[in-house]
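Enquirer: For reference, the structure I am asking about is given below.
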Amino acid sequence: MTDPISFTSTTPRYGLPLLFAGQSQKEFYVNEAHALTDALLHAACEGEAADPPATPAEGETWLVAAAATGDWAGADGQIAARQSGNWLFAAPRDGMRMFDRSTGQMLLYRGGWQRPAAPAAPAGGTTVDTEARAALADLIAALASAGVLPVA
């Protein structure tokens, strides 16, 4: 006997809902898929927090920190996006990039969000090379401007 045909109900990477032939309330599933796509496409977040903001704006996106509370309880490590007065959650995947507006930095997800720290400017030493120090300061500033390092 052959196995019955089985269809998945969501996409494998981000869990976007899929439609079935003859499905009722298709607009609900299509709208949910569009809302998640809107949050994840060219992703940008306001920052990382464990508590949801008191008065979030529509379209606002946050990284949910550990020990989340309130509407975010149980969504630790996920991306929370405010859509139509509700929070939609999506789990990040390896290779995903997100712009953090609070630090002006691009983040990379690789088993967790990677946030490179800015190196300290050179100081001290027995021989001071002002040209080398100026070049290092310019390099650090360029990396911060490109979103690789946090803005100081």
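Enquirer: Size of the dipole of the chain about the Cα centre, Lys and Arg at +1 and Asp and Glu at -1 on the beta carbon, nothing else charged, in debye to 20? If you can, show how the numbers build up before the last one.
Expert: Details: 9 positive and 16 negative charges, 53 e Å.
Computed charge dipole of the chain: roughly 260 debye.
Enquirer: Another one. Amide H to amide H under 5 Å from Gln105: which residues, 5+ apart in sequence or cross-chain, H placed 1.01 Å off N in plane?
Expert: It is Asp100, by chain and number.
Enquirer: In whole Hz, with x marking every Gly and Pro, tabulate ³J(HN,Hα) for the range 26-34 from phi via Karplus 6.51 cos²θ - 1.76 cosθ + 1.60, θ = phi - 60°.
Expert: Rounded to whole hertz, the list is 4, 4, 4, 6, 5, 5, 5, 4, 5.
Enquirer: Grab the Cα-Cα distance for Ala57 and Asn86, subtract it from 0.36 nm times how many residues apart they are, and report the gain in nm with one decimal.
Expert: 9.4 nm
Enquirer: So, one more: Can you give the FRET efficiency for Arg133 and Phe99, using 1/(1 + (r/R0)^6), R0 = 25 Å, r = Cβ-Cβ distance, to the nearest 0.05?
Expert: 0.25
Enquirer: Moving on. Can you compute 3J(HN,Hα) from phi for each residue in the range 125-141, using the Karplus curve 6.51 cos²θ - 1.76 cosθ + 1.60 with θ = phi - 60°, rounded to whole Hz and x for Gly and Pro?
Expert: x, 8, 10, 9, 10, 5, 5, 5, 5, 5, 5, 5, 5, 5, 5, 4, 5
Enquirer: In whole Hz, with x marking every Gly and Pro, tabulate ³J(HN,Hα) for the range 44-55 from phi via Karplus 6.51 cos²θ - 1.76 cosθ + 1.60, θ = phi - 60°.
Expert: 9, 10, 6, x, 10, 8, 9, 10, x, x, 5, 10
Enquirer: Right, something else. Looking only at the range 77-104, which residues have a backbone nitrogen under 16 Å from a spot 7 Å from the Cα of His42 in the C-beta direction?
Expert: From the range 77-104, the list is 97-101.
Enquirer: Moving on. Which of Ala134, Pro116, Ala91 sits closest to the plus end of the dipole of the range 78-139, meaning its Cα is farthest towards the positive end, when Lys and Arg get +1 and Asp and Glu get -1 on the C-beta?
Expert: Ala91
Enquirer: What distance in nm lies between label points placed 7 Å from Cα along the C-beta direction at Ala120 and Gln25?
Expert: Distance between label points: 5.8 nm.
Read-outs throughout are calculated quantities, based only on the coordinates presented, and are distinct from any laboratory measurement. Note that the structure is a prediction, hence the values are computed from the model and not measured. Note: ideal-geometry Cβ built from the backbone for every residue, glycine included; neighbour counts use all protein chains shown.
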